[in-house]
């Protein structure tokens, strides 16, 4: 329940309690300070008027004042800077190491707030607050979904910018890693990223004129080539020999081939198909990032990724067994996934690094014009009562569920805050 005490303090929801300390002095909070998530007092740099004096320092919170001793703060010099002890029950006096008493203020937690918090955080439903969404204005939910979508884009952007710093500002290399990860379509994202990180784009570009060498590079580095396997597959055997040459030339170590997942995947989504499509992109000249910056809409992105498999892969989904010849491309649905997980985040990241804010608007508009994703997490949120109309909304739904609903962070969600703060005000 200390979380609720932090919540009341952060949002200044204390008008329902007497504004005086336990020793009868009038108290006024001028600045609630900043929440400390690490060791030490709970809030830093607060400013409080107690009686006729203004105190600046830190604030500590407990359910019972005696918890100060239980947690051994009385022997810790880090807590000598505490100017106020906020508690729900003042069952003892507390002091600094010098013996000087520390002012205490009793802030009670409304029973309705406790009940609602326990109710929401203990429910097994995917969206615990679903039954109360009708109490909120539609515009409020729309604004929160927009903020959640931006929050998700920002998270993806931070990972991209970290890669950019790792790769000394090479946007094409970062695009290559980000695109490779997105080619995993969820189940093989991590494996694709490990592959791209283990095989620099520069090595591939040195051999871009030979599709066969690029495929040998990628399949060998993916751990999908092994001497002795598929002895009757001449293409496979040539590729094994070629990769052996390239590995020695560039001192490469392949990733573990067992990391690739095939369970419940349709043949068209096998890693082999995605790797072969990636090889095609590199073979025709990998300037994907510069072309992404020129893409104004989904149509332009579809044209950018208009690639098809030829030769061996027209009649194979993986090595060994043949299949009827088919026209194999990145379908429209797959390209839309690339827009969501690669194109829009790259545009947002470039805007964040260069200040070109128009790219943020373009990324948002691309997502708004795409149909919503249909996956387990989105369905959870929709079943809870939130309307999802496009890919921007579905990204917001995923962020809502993974960042707030699943970890029960209702206190940090705008929906939860709106409901909880109203509960406190109604108590008043």
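The values are calculated or read from the model by the stated rules, or taken from the named source; none is laboratory data. Here the structure is a predicted model, which is why all the values come from computation and not from measurement. Don't worry about glycine lacking a Cβ; one is built from the backbone with ideal geometry, like all the others, and counts go over all protein chains shown.
Here are some notes:
- Odd one out for residue 268, checked against (1) touching a residue at least 60 places away in the same chain (Cβ under 8 Å); (2) exposed (fewer than 15 other Cβ atoms within 10 Å of the Cβ); (3) touching a helix residue (DSSP H, G or I) at 6+ places or on another chain (Cβ under 6 Å): (3)
- Screening the candidates 386, 340 for the property of being touching a residue at least 12 places away in the same chain (Cβ under 8 Å) and under 26 Å from residue 162 (Cβ atoms) yields one hit, 340.
- Here residue 204 meets each of (1) part of a helix (DSSP H, G or I); (2) farther than 30 Å from residue 422 by Cβ; (3) under 18 Å from the mean Cα position of the chain (by Cα) with one exception, condition (3).
- Test set (1) more than 16 Å from residue 179 (Cβ to Cβ); (2) surrounded by fewer than 16 Cβ atoms within 10 Å (Cβ to Cβ) - residue 399 fails condition number: (2)
Yes/no matrix, rows are residues, columns are (1) within 39 Å of the chain's Cα centre (by Cα); (2) modelled with pLDDT of 95 or more:
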{"site": "224", "(1), (2)": "yes, yes"}
{"site": "227", "(1), (2)": "no, no"}
{"site": "235", "(1), (2)": "no, yes"}
{"site": "253", "(1), (2)": "yes, yes"}
{"site": "264", "(1), (2)": "yes, no"}
{"site": "270", "(1), (2)": "yes, no"}
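- Only strands (runs of 3 or more DSSP E) whose full extent lies in the range 6-79 are considered here, and the ones with at least 2 residues that are within 18 Å of residue 96 (Cβ to Cβ) and in contact with a helix residue (DSSP H, G or I) (Cβ under 7 Å, 6 or more places away or on another chain) are 53-64.
For (1) within 30 Å of residue 55 (Cα to Cα); (2) within 26 Å of the chain's Cα centre (by Cα); (3) assigned to a loop (DSSP other than H, G, I, E, B), each residue gets a yes or a no:
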position	(1), (2), (3)
99	yes, no, yes
115	no, no, no
139	no, yes, no
145	no, yes, no
152	no, yes, no
163	no, yes, no
169	no, yes, yes
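- Answer residue from the range 364-387, given it is within 19 Å of the chain's Cα centre (by Cα) and within 26 Å of residue 119 (Cα to Cα) and is surrounded by the most Cβ atoms within 10 Å (Cβ to Cβ) among those: 381
- Flag for residue 412 being out of contact with any strand residue (DSSP E or B) (no Cβ under 7 Å at 6 or more places or on another chain) and under 18 Å from residue 135 (Cβ atoms): no
Listed here are the residues, each with its yes/no results for (1) surrounded by fewer than 19 Cβ atoms within 10 Å (Cβ to Cβ); (2) more than 37 Å from the chain's Cα centre (by Cα); (3) on the phi > 0 side of the Ramachandran plot.
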site: 52; (1), (2), (3): yes, yes, no
site: 56; (1), (2), (3): yes, no, no
site: 61; (1), (2), (3): no, no, no
site: 89; (1), (2), (3): yes, yes, no
